[in-house]
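Note sheet for the following structure.
The values are calculated or read from the model by the stated rules, or taken from the named source; none is laboratory data. Remember, it's a predicted structure, so these values are computed and weren't measured experimentally. Every residue, glycine among them, receives a Cβ derived from its backbone with ideal geometry; neighbour counts consider all protein chains shown.
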Amino acid sequence: MRPQDAVILGYDAVSPLGSDLDSQWQQALEGRSGIGELTRFPLNADFPVRIAGQVPDIDDEPYPFLAPRQQASWSSPVFKYAMLTVERALARSQVEITPDISPRTAVTYSSAIGGLDAVLKADRRLIAENKLPHPYTNPNSCINMVGGKIAIQTRARGPITSTITACATGLSSIIIGAMFLAQGRADVAVCGAVDFALVEPIVAGFSTMNGCYNPKEGQENEPPRAASRPFSRNRRGFVLSEGAGAVIIATREFAETHGLSWKFELAGWAMTSDAHHFVAPCLPTVKQCMAEAINDAGLQPPDISAVNAHAASTRVGDKVEYDALLDLFDSRIPPVCANKSLIGHAMGASSVIESIFALKGMENDILPPTINYEPDPEIALDCLARGRQRLSQEFVLKNAFGFGGCNCCAVFRRV
């Protein structure tokens, strides 16, 4: 490994399983679902989506970086949840962004959807009351403002960019951060993603495009926890959720110089474009992305201990991911985790939350289960449907695929 390559110093997440990372991890190991009734906005009788993965309130958390008056101005939840995960991840990393470190600290923390809730609220207010938008409406809606607020919060003055690759945003944020390190443009990078897409037109829009969970006729009353079922023969689309995750990376040289310890490295990565269809995945380029990430890590497919899959629960997407794994691993696919069965699909934040779960599994030599699984005769893999599994993991492949044909894959290594 080169001195400028990325080591992982700290991380934190908020998901439908809770706001405390250790508690979330324990619930994941126990196979508990974070999916419940959708309550983010009033539902009329005809609204097509009734369930979601909602995160808990964090209003009781201390916000030294966001005072009450500021919270009123920065009304979209993307800001306070993003900033909370960054604050905690930095504390775990033991990195203090002092004036001498600040110019060499990058921010790639982003969002796929951003603060569209603020625009919707302003639009409805304008129509119903003929009142002009709040002055902070447009800043709330700027996707790059999430990274901007984090830079202000941390005093990071290095490169800053918003990587937006739809549902792969969180993982691509880590990859772009690692690129800054490898190019010598930064020594530390604050990476991650946040999304709160449970906004009425967005939720309804995913329904009309047949992406999100649609119960089979006669099964409308099945429990919400049973709805997210990746790789299962009865999968019926993804369950929309929300969340945030932050990962602090640094060059190995920086970590050694500052006496910082680490347990994980970003061993390899790849990004490809399907150039095929605006939402349907493409088998050759999905497989190419996985293969290039493994090759970038200097490995062969048999070196991979486990796969943390994208596994959105869509009919086509899960099959393409499986076929790519089957081809790549020559029918000997390692155990596969599908975390969305537990937490739903948190849009751009999903791949960073799942990456953090993958790191927790590597640290503890264990893989959480994929719940709600019924074997699909066309998808023959070990997705841990029988519960948690003990497994020593040196290398884990993480997959993330987004609308527009944005593919990201990474290989994490436990030191």
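Things to note:
- In the range 114-137, residue surrounded by the most Cβ atoms within 10 Å (Cβ to Cβ) [restricted to those that are free of Cβ contacts under 8 Å to residues at least 12 places away in the same chain and assigned to a helix (DSSP H, G or I)]: Arg125
- Residue match in the range 14-35 (condition: over 23 Å from Ile356 (Cβ atoms) and either out of contact with any Pro (no Cβ under 7 Å at 6 or more places or on another chain) or modelled with pLDDT of 95 or more (or both)): no
- Meets criteria (aliphatic (A, V, I, L, M), at negative phi and over 18 Å from the mean Cα position of the chain (by Cα)) for Ala275: no
- Residue check, Ser232 within 16 Å of the chain's Cα centre (by Cα), under 21 Å from Glu321 (Cβ atoms) and either in the same structural domain as Ala52 (by TED's automatic domain parsing) or of a type in the set (Lys, Arg) (or both): no
- Only a single item in (1) within 18 Å of Ile379 (Cβ to Cβ); (2) outside the structural domain of Ser350 (by TED's automatic domain parsing) is not met by Thr251, and it is number (1).
- Elements of the type strands (runs of 3 or more DSSP E) sitting completely within the range 179-291 and holding at least 1 residues that are in contact with a Gly (Cβ under 8 Å, 6 or more places away or on another chain), modelled with pLDDT under 95 and not charged (D, E, K, R): there are none.
- Restricting Ala91, Ala82, Ala72, Ala67 to residues that are farther than 22 Å from Ala197 by Cβ, of a type outside the set (Ser, Thr, Tyr) and modelled with pLDDT of 95 or more narrows the list to Ala91.
- Filter result for Ala67 (surrounded by 18 or more Cβ atoms within 10 Å (Cβ to Cβ) and of a type outside the set (Lys, Arg)): no
- Only helices (runs of 4 or more DSSP H) whose full extent lies in the range 312-415 are considered here, and the ones with at least 1 residues that are farther than 22 Å from Val14 by Cβ and either in contact with a Ser or Thr (Cβ under 7 Å, 6 or more places away or on another chain) or not assigned by TED's automatic domain parsing to the domain that holds Arg225 (or both) are 315-328.
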